[in-house]
Amino acid sequence: MADIPERIAAALADRYRIQHLLGEGGMATVYLAEDVKHDRNVALKVLKPELAAVLGAERFVQEIRTTASLQHPNILPLFDSGEADTFLYYVMPYIQGETLRSKLDREHQLGIDEAVRIATDVADALDYAHRHGVIHRDIKPENILLHDGRPVVADFGIALAVSAAAGGRMTETGLSLGTPHYMSPEQATAEKDITARSDVYSVASVLYEMLAGVPPHEGGSAQQVIMRIIADTPRPVTELRKSVPPHVAAVLTKALEKLPADRFATAAEFSAGLSDPRMAVPVAAAPVASPSATRFGALPLWVAAAAIVVAAAGWWVALRPDREPMVLRYEIPVPANSTLPVGQGNTVAISPDGRFVVFAAQSSEGDPRIYLRAADELQPREVPGTSRALYPFVSPDGEWVGFWSGGQYLRAPVSGGTAVVVGNAPAGDATWTSSGWIVATGANGALARVPATGGTMTSFTTLDADVGETRQMNPVALPGGATVLYTSLGMGGASAARIGVASLEDGSTTILDLLGVAPLGVLDDYLVYVDAGGTIMAAPYDRGRRALTGPALALMDQAAVDAATTGAYAQMSPDGSLVYVSGTNRRQLVIVSPSGTVQPVGDVAPLSWPRVAPDGRRLALTFGSVAQRSVWVYELEAGASLQFTRPGAIDDRPEWTPDGQSILFRSSRESPNAIWIRSLDGTPARRLVGSPGAQVDEGVMSPDGRYVVI
């Protein structure tokens, strides 16, 4: 508003004389002012009116005082703060020079030594503040001032003060803290608990731009940038600038990890790594599929759902950098007019020697059947006797295909013949051990086994009540036939699922401190598994002690996961060959006109459940993976989107009310799932349908708005 400077000038006339506008940021407008009492120029920053309305003066001033005591040569100090005529303001020294943003706009890229020096100084300032309990939360080139070539970090603690003063109201008002290009993934998803590792991510993003000339993630809108921060991995900086030293590239790779736990624990460690040439060693071994240029993770759903991918022996070579890298890949087409039976457990399996792959596929006119594709054949063929078959697996000798159908497990000869009944059992993934057992989930939720020759399925483990275990599933037999890996499911659902190990000899179980929805096997001394987001991981593992010996490494980000069954569409053979269904979590929204013209909407991302508003101007949709989902609203004309439901719960399946003013959605914010409703005017969501003990999965309102069908 044009009258804001005059109002502020009048309110602060006895203390500050405003001279002129210096600039405007996401949270505040900045003026050059004269400090009347001390006869000096200062930078007077006034919070945006809509932000001040959320906060309240008393709480803001109280919170900002905690940052006033920071004294560090690379931190711009806080002189003053307060309220003037309903406006909240704070005062900092006026630095003659330029911001890092101005320098980058002019020079595009900086010299490597200069860029590393600036990042090191900023990290030192961050480390000092972190040790004093203050996290910046808004590190960006605009907040880094260059005074005689020395970086000085401005607005230290302001974002923290604003967030603390606003409490949980920031998300509901649509306001956000931080510049999208430099946000950490946890900031992008609006998590409440932001740690020092978030600042480490942000300063690494700034260093990346100083070296590469672009931030780690770009997009046509702020929301596109946020989606890429959450879903995409940045290109290695050396692809954009080959002269970047390996150890600096290694530091950036580690500091820009999605999970905070995978980054440097402190800004001091980040700073030290920039001067440590040894940092290049672990990152040089990290890319798993570097010999292959094929990327399936970004395929739209209608392509990826038919893309069964095989990565033959050697895909895991990154775990063994001393070995000759060799990766062989090929896609397996699903038979014409058929699809994979999504939502009914794992659909793919591979023979122990990697010679062939089997998978379940369902035509539009019939029941699912098992198909076999050999490595030396061009087309898959149906395995006789496998009508209504799901959950395929292969015998250790590769002569039989096992599957579940009609309440029982059966086995059919690979070469053709009559299927043989093995035993009755609930539906679920199974595995065939070299000791002659078929292991699956029993009726009580624990692991059970039946002789492969046929018999009665009996449980051989018990659920671990001490850790709240509710189900043992997705078993994978390990070589030797004495143990199996499995998924341990508890009250936390898929996002809290862990990998367990069970003994067929005595039924003992060990639940590892390893979050994952599906184990794949043990290769040499690494346990390979799929996490809730579809990333294929490997963790150093001691078989004898059934214990992890080091942190997990991310290998590939391509396997599809199944939210309905808490599993993954993937399997690994003992020699390291891997079969998986590719990228079903990445989808492209499109608008199809009556004439058939297809118009893409937004980016390829983990999207689902799009619903058009009654007026046709908005979309409600679900964004996120199985472990974290929320409802977003997309403005079709403006091309902008807004997070509609708060983070921290699993919200999905939106449906509009007939007047287009509210959205119904399923939520796990109270267990079990219930239907909630929230209006577009920003009022808090409220529980609409559902009571304790009765899970509700979907709700649709009647045209007159009087009823909800569930």
Considering amide H positions built from the backbone, and no H for Pro or chain starts, which residues 5 or more places from TRP400, or on another chain, come under 5 Å of its amide H? SER395, VAL414
Using 1/(1 + (r/R0)^6) with R0 = 56 angstrom and r between the beta carbons of ILE591 and LEU548, what's the FRET efficiency to the nearest 0.05? 0.75
Quick calc: nm separation of the 7 Å Cα→Cβ label points for SER415 and ARG65 -> 8.6 nm
Of the listed peptides 124-133, 235-244, 194-203, what is their order by residue-averaged count of other C-beta atoms within 10 Å, with the highest listed first? 194-203, 124-133, 235-244
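Mind checking the full-extension length gain between VAL700 and LYS37? Use 0.36 nm per residue of separation minus the Cα-Cα distance, one decimal, nm.
Details: separation 663, 0.36 × 663 = 238.68 nm, distance 6.40 nm.
Going from the current span to full extension adds 232.3 nm.
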Between rounded, prolate and oblate, where does segment 437-483 land on the alpha carbon gyration tensor, with a ≥ b ≥ c its root eigenvalues, rounded for a/c under 1.5, else prolate if a/b exceeds b/c? oblate
Modelled FRET efficiency - R0 22 Å, GLN408 with SER435, Cβ distances, 0.05 increments: 0.55
Hey, quick one: spin label on ALA465, modelled 7 Å out along Cα-Cβ, who in segment 496-527 has an amide N within reach, i.e. under 17 Å? 509
So the compactness index of segment 439-551, its C-alpha Rg divided by 2.2 N^0.38 Å, takes the value 1.01
Solvent-accessible surface ranking, highest first, for LEU145, LEU252, LEU642 at 1.4 angstrom: LEU642, LEU145, LEU252
Segment GLU218-ARG686, length gained on full extension (0.36 nm per residue, minus Cα span): 164.9 nm
Could you work out how far the C-alpha centroid of segment 355-374 sits from that of segment 450-477, in angstrom? 27 Å
Quick calc: nm separation of the 7 Å Cα→Cβ label points for VAL601 and ARG106 -> 4.4 nm
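Can you give the extra length, in nm with one decimal, that the chain gains between GLN96 and GLU399 once fully stretched, where that is 0.36 nm per residue apart less the Cα-Cα distance? Walk me through the numbers on the way to the answer.
Values: separation 303, 0.36 × 303 = 109.08 nm, distance 7.78 nm.
The GLN96-GLU399 span can extend by a further 101.3 nm.
Which of the peptides 499-512, 73-86, 566-579 is most tightly packed, and how do the rest follow, judged by the mean count of other Cβ atoms within 10 Å per residue?
Details: 499-512: 18.9, 73-86: 17.3, 566-579: 23.6.
Descending mean neighbour count gives 566-579, 499-512, 73-86.
The values are calculated or read from the model by the stated rules, or taken from the named source; none is laboratory data. Keep in mind it's a predicted model, so treat the numbers as computed, not measured. Note: ideal-geometry Cβ built from the backbone for every residue, glycine included; neighbour counts use all protein chains shown. Keep in mind that these areas ignore ligands, DNA and RNA; they rest on the heavy atoms of the full protein, side chains included. Shrake-Rupley method; radii C 1.70, N 1.55, O 1.52, S 1.80 Å.
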